[in-house]
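These notes concern the structure reproduced below.
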Amino acid sequence: MSSMIEVKNVRKLFVNEEGEKNEVLKNVSFHVDKNEFVVIFGPGQCGKTTLLNIIAGLEEATDGEVLKMGETVSGPGPDRAVVFQDILLFPWLTVMQNVEYSMKVRGMDSRMRREEAGKYIDLVGLNGFEKAYPVQISGGMKQRVGIARAYCTKPDVMLMDEPFGALDAQTRYLMQDEVIRISSTEKRTVVFVTNNVEEAIYLADRIIIMTDCPSTVLKDIKIDLPRPRSYVDPEFLSLRKEISAMLNRKR
Amino acid sequence: MRKKEFKYYLISIGTIILFLVVWYLLSDVFQVFRKGMLPGPVKVARSFVEKLSTKTPDGNTLFGHIGASLKVVLIGYIIGVAAGIPSGVLMAWYQPVDDMVRPVFDFLRTIPGVAWIPVVTVWLGIGLKAKAAIIFVNVFVGTVVNIYSGIKQTNEVQIWVAQIFGAGRLEILFKVALPSSLPYLFTGLKVSLSMAWLGIVAAELLASQSGLGYMIQVARSLGRPDLVIVGMLTIGLIGAFLTMALEMAERVFVKGNRK
């Protein structure tokens, strides 16, 4: 059986107006199995978001290709939902309308839509806020809406781009637990980008460690710590040390 | 909060009273201008009330003039907005249209609205059509510029979100780009409404047979400064009402408290 996602020799080169070349991804290859929670972790600012956008079909690879269930990705689609780093809800729609939006595009009738959206609003713990506008809710709540919105498309793969990067530490921990709870209720393949090593170990079935610019796969490690995990568990700490050391050596 | 609002009203009312008192002192008490050149507030108020029902010296009551001016403004404004919105949307959303139309548009929009008055009077005379055409030009340009930039600033990631959900280009235009451009559009609508209102007075001052600008013009030539001031105050009041009406519409249409 082919993998859910297969990234094959992807390279991405940006050329700016002055003709300067900037290589952000170099020969990146890895695969993601069905229902696996894979974290793409790297210290720098380089390439991770681009990689996720290429998987989503929002940007094109300069070389190489991405396969989803054996087929080449050629554009964005509801089978690969994205939770973006900047929380970008439609500010003119309520929480409910934001979550419903994808089903509206697909032409689902309003009663079924509402029911389905309600289910995911419950799942992310936002009941009671259906009629609120994005400006009225907190950053953590907005990101929950973003997650509910993405789940509503019934994606084969959830692509999450540093979704908690903008949140305060406390909310971040809370949201990590939420993501684990949600993805155990609604089993999905998840590709999660972060530059936070603890977040990576806490969430991942497998971590793809990326180097800094140009980004390439440094190491692919399976994390088989039992869940629920703890930040202060000795095994957790030794893994953290190991990964940090790996990156330092590379530098 | 309520206390603060109350204080704000109190200050506003205080300022208006102060303004009236200074006006009164300058005109009626110290008489700093030559006699009759600056009528006092009491005289103006009397003329105002009188003008509500008398047709002298310019052939119409105050309401008649307001109606004449408003009619022209609204005709020019509505047509200008109705034509401006689709034009701006087409330019912003379809690159070939933009490439074709922009050079001409960018050139034409540098011509100030009042500069159209002479040529329009040559073409269309000094009636309703001519004045509405001048208003139209002003409003059209303003509306196009604002909706154009409103649509151009649509956040790329929001467009991505819609694409991921499978929305087509037209769907994205109507459900993402247009709603996100609404605050810009309303700013444009408000600015062009006050420009239209200013434009009508200018047009009526130069060439007209009715309307508030015309009333002011006649009063000036007959040496009736009280009526000139009545005209000016009326223009200000109506302008304020029109802006308020649009702000109310904005609150209804622009959801989610965006500013």
- Message: Between helix B:95-108 and chain B, what is the angle of the helix's C-alpha long axis to the longest principal axis, kept within 0 to 90° and rounded to the nearest 10?
- Response: 20 degrees
- Query: Among the DSSP beta bridges whose two residues both lie in the protein assembly as shown, what percent are antiparallel, rounded to the nearest 5?
  - Reply: 50 percent
- Task: Over chain B, calculate the relative contact order: mean separation of alpha carbon pairs under 8 Å at least 6 apart, over the residue count, as a percent.
- Result: 23 percent
- Query: According to a simple spin-label model (label point 7 Å from Cα along Cα-to-Cβ), what is the distance in nm between residue B:170 and residue A:137?
  - Reply: 3.2 nm
- Query: Between residue A:20 and residue A:231, what FRET efficiency comes out of the Förster formula 1/(1 + (r/R0)^6) with R0 = 60 Å and r the beta carbon distance, rounded to 0.05?
  - Reply: 0.90
- In the range B:100-163 the accessible area split gives carbon plus sulfur, as whole percent at 1.4 Å, a share of 70 percent
- Task: Could you calculate, for the protein assembly as shown, the ratio of the Cα radius of gyration to the Kirkwood radius, expressed as Rg to Rh?
- Result: 1.15
- Item | Whole-number accessible area per residue in Å² for the protein assembly as shown, which is evaluated in the context of all protein chains at 1.4 Å | 51 Å²
- Query: What is the ratio of the Cα radius of gyration of the range A:104-251 to 2.2 N^0.38 Å, where N is its residue count, to two decimals?
  - Reply: 1.20
- Message: Buried by at least 20 Å² relative to the chain on its own: which residues of the range A:71-94 qualify, computing accessible area with a 1.4 Å probe on protein heavy atoms?
- Response: A:76, A:78, A:84, A:88, A:90, A:91, A:92
- Task: Using only alpha carbon pairs under 8 Å that are at least six residues apart, calculate the relative contact order of the range B:2-62 and give it in whole percent.
- Result: 18 percent
- Query: Using only helices, what value at 222 nm comes out for chain B when you add -39,500 (n - 2.57) per DSSP H run of length 4 or more and divide by the total residues, to the nearest 500 deg cm²/dmol?
  - Reply: -25500 deg cm²/dmol
- By the rule of another cysteine's Cβ lying under 4.7 Å, the cysteines of the protein assembly as shown that fail to get a partner are A:152
- Indicate the residues belonging to the range A:99-124 that lose 50 Å² or more of solvent-accessible heavy-atom surface (probe 1.4 Å) upon moving from the chain alone to the assembly of all protein chains, ignoring ligands and nucleic acids. A:101, A:105
- Task: Please report the Cα spread of the range B:64-148 along all three principal axes, rounded to whole Å, starting with the longest.
- Result: 46, 23, 16
- Query: Between the range A:124-200 and the range B:58-96, how many Å separate their Cα centres?
  - Reply: 47 Å
- Task: Calculate for chain A the 222 nm mean residue ellipticity that helices alone would give, adding -39,500 (n - 2.57) per DSSP H run of length 4 or more and normalising by residue count, nearest 500 deg cm²/dmol.
- Result: -11000 deg cm²/dmol
- Message: Can you tell me the orientation of helix A:110-123 relative to chain A, as the angle in degrees between its alpha-carbon axis and the longest Cα principal axis, to the nearest 10?
- Response: 50 degrees
- Quick one: work out Rg over Rh on the C-alpha atoms of the range B:197-258, Rh as Kirkwood radius. 1.21
- Could you calculate, for the range A:1-143, the ratio of the Cα radius of gyration to the Kirkwood radius, expressed as Rg to Rh? 1.04
- Task: Leaving ligands, DNA and RNA out of it, report the carbon-plus-sulfur percent of the accessible area of the range A:54-200 at a 1.4 Å probe.
- Result: 47 percent
- Task: Among DSSP beta bridges lying fully in chain A, give the percent that are antiparallel, nearest 5.
- Result: 50 percent
- Which peptide among B:98-109, A:163-174 comes first, and what is the full order, when sorted by highest mean count of other Cβ atoms within 10 Å? A:163-174, B:98-109
- Note on the structure: For chain B, the longest principal axis of the Cα atoms and the Cα long axis of helix B:225-253 enclose an angle in degrees, to the nearest 10, of 30 degrees
- Task: Among A:15, A:73, A:39, determine the one that fluctuates most according to a GNM of chain A built with springs between C-alpha atoms less than 10 Å apart.
- Result: A:15
- Note on the structure: Here the Cα Rg-to-2.2 N^0.38 Å ratio for the range B:1-94 is 1.77
- Interface size A-B, as summed buried accessible area [1.4 Å probe, Å², nearest 100]: 2000 Å²
- Treating every alpha carbon of chain A as one equal point scatterer without solvent, the Debye formula yields log10 I(q)/I(0) values at q = 0.07, 0.16, 0.17 Å⁻¹ of -0.24, -1.22, -1.34
- Item | Principal semi-axes in Å for the range B:131-259 [√(5λ), Cα gyration tensor, largest first] | 42, 15, 8
- 1/(1 + (r/R0)^6) with r = Cβ-Cβ of residue B:24 and residue B:4, R0 = 30 Å, i.e. FRET efficiency to nearest 0.05, evaluates to 0.45
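The values are calculated or read from the model by the stated rules, or taken from the named source; none is laboratory data. For clarity, every value in this text was computed on a predicted model and none was experimentally measured. Virtual Cβ from ideal backbone geometry, glycine too; neighbours counted across all protein chains shown. For the accessible areas, the whole protein counts, side chains as well, though only heavy atoms, and no ligand, DNA or RNA atoms are used. Shrake-Rupley method; radii C 1.70, N 1.55, O 1.52, S 1.80 Å.
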